[in-house]
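The values are calculated or read from the model by the stated rules, or taken from the named source; none is laboratory data. Please read all numbers here as calculations on a predicted model, not as lab measurements. Note that we place each Cβ from the backbone using ideal geometry, even for glycine, and neighbour counts take in every protein chain shown. Protein only, heavy atoms only, side chains kept; ligands, DNA and RNA dropped before computing areas. Shrake-Rupley method; radii C 1.70, N 1.55, O 1.52, S 1.80 Å.
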Amino acid sequence: RMAAAPPSYCFVAFPPCSKDGLVVFGKNSARPRDEVQEVVYFAAAEHEPGSKVECTYIEIEQVPRTHAVVLSRPSWLWGAEMGANEQGVCVANEAVVTREPASESEALLGMDLVRLGLERGATAKEALDVIVALLEEHGQGGNYYEDGSSCHTFQSAFLIVDRNEAWILETSGKYWAAEKITEGVKCICNQLSLTTKIDAEHPELRNYVKSQGWWNGDSDFNFSEVFSLADDHLACCSGRESLEKQGGDVSAQAMIDVLRDKDSGVCVDSESFLTTASIVSVLPQDPSFPCIHYFTGTPDPSRSIFKPFIFVDDVKLVPKVQSPSFGNDDPAKKIPRFQEKPDRRHELYKAHEWARSLLENDQDKGQKLMRIMLDLEKQGLEAMEDILSRTEILDPAEVVDLFYDCVDTELKFFK
């Protein structure tokens, strides 16, 4: 049977479960242990008519205008595991296995669709429409890992969130179904979760599954039951209970705590997979307040710091969390692909490797370092809470260097 999908977890909490009219989003990205994730920002841009955009494996038509985006992504590919745009939309994806084998032929990756949805969608619903239209036109497929020896392919699920609502989108090939969420806590992981509550779907979905003999048309249409491999459809999500226990108080800190939890399995650290990066976003339902996006940029959230980013014009770029670029010489771009693996570690990643060995080899020094790091993180969280509780409008100059300074301070501690 197909290789297991990496067990990432994505969450969203809406009022009344979350605090003070905030929508809180989070994801742990579980990927192959040695893969490096970078945090990258792309400014909004206008594009010439007829121009193309080169995704991980294929080139597609560009749109006239793309939104500014901030992404956490495996540094060998074009798309992203998770990210946000300047309009207050967040998208994360999950690799899933369905009864339909995922295509090995190179098309759009689920991770490319994350970035395309963010660049082109001003609301969660728009991002969903963008993703399903591109799926219809180009399909999904190709290697999910930087691995020259075998092709790992998956179908995709997405959590798409804005200040007002979220959509869970699950796909198999070009077929899809989606559920709209406006309250409570929702979690998606690496298996299908949609059942009979479907708020949007591929127009041919039901005819297609009937023609495959997967559904007779008489019983209630249950997406996960129809598309899951027989033994796969289990209730997912150990993290949801811990968020629900917060009883109306889910905040950025509460989401971070859930993402750090190794006992629940949400923070993956196994033989083949590791949480290689994490994100938490806070989206105030009142549009006069800015959205705040926290990124680690480093593996294992229980040993990483969540650093805040706010979209403003001319936001300062942060090369220290960007991997080196190999241009057209990148083995991911040459055919046959992935014949060698270049060193993709960025400066913050390297500093973390040093810190990790300290944590493992010198308990006292390691714990002291961890306390300093968590204290630094707490200062950031408190400063952001202050921004969200003010009455006056945020001055962009105040946060233009925000993420840059946080990364810089973190690096100074390691030195």
### Summary
Filtering the stretch 324-366 down to residues that are open to solvent by 70 Å² or more (accessible area, probe 1.4 Å), in a helix (DSSP H, G or I) and touching a helix residue (DSSP H, G or I) at 6+ places or on another chain (Cβ under 8 Å) yields Glu347, Trp354, Glu360, Lys365
### Query
What's the number of the condition Asp269 fails, among (1) within 14 Å of Glu35 (Cα to Cα); (2) touching a residue at least 40 places away in the same chain (Cβ under 8 Å)?
(2)
### Query
What are the pairs, 6+ residues apart or on separate chains, where a residue within the stretch 8-20 that is in contact (Cβ under 8 Å) with a residue 60 or more places away in the chain has its Cβ under 7 Å from a residue that is among the hydroxyl-bearing types (Ser, Thr, Tyr) and not in a strand (DSSP E or B)?
Phe14/Thr182; Lys19/Ser251
#### Entry: Number of the condition not met by Arg115 [criteria: (1) under 19 Å from Leu283 (Cα atoms); (2) assigned to a strand (DSSP E or B)]
(2)
### Query
Hey, among the residues in the stretch 248-267 that are in contact with a Lys or Arg (Cβ under 7 Å, 6 or more places away or on another chain) and assigned to a loop (DSSP other than H, G, I, E, B), which one's surrounded by the most Cβ atoms within 10 Å (Cβ to Cβ)?
Cys267
### Query
Does at least one position in the stretch 7-17 carry a residue that is open to solvent by 10 Å² or more (accessible area, probe 1.4 Å), closer than 16 Å to His152 by Cα, outside any strand (DSSP E or B) and of a type in the set (A, V, I, L, M, F, W, C)?
no
### Query
In the stretch 290-307, how many are crowded, with 23+ Cβ neighbours inside 10 Å and either more than 23 Å from Arg344 (Cα to Cα) or among the aromatic types (Phe, Trp, Tyr) (or both)?
6
### Task
Determine if the stretch 371-391 includes at least one residue that is of a type outside the set (A, V, I, L, M, F, W, C), open to solvent by 70 Å² or more (accessible area, probe 1.4 Å) and in a loop (DSSP other than H, G, I, E, B).
yes
### Residue list for the stretch 18-34, restricted to those being buried (at least 23 other Cβ atoms within 10 Å of the Cβ), under 27 Å from Leu229 (Cβ atoms) and not hydrophobic (A, V, I, L, M, F, W, C)
Lys27, Asn28, Ser29, Arg31
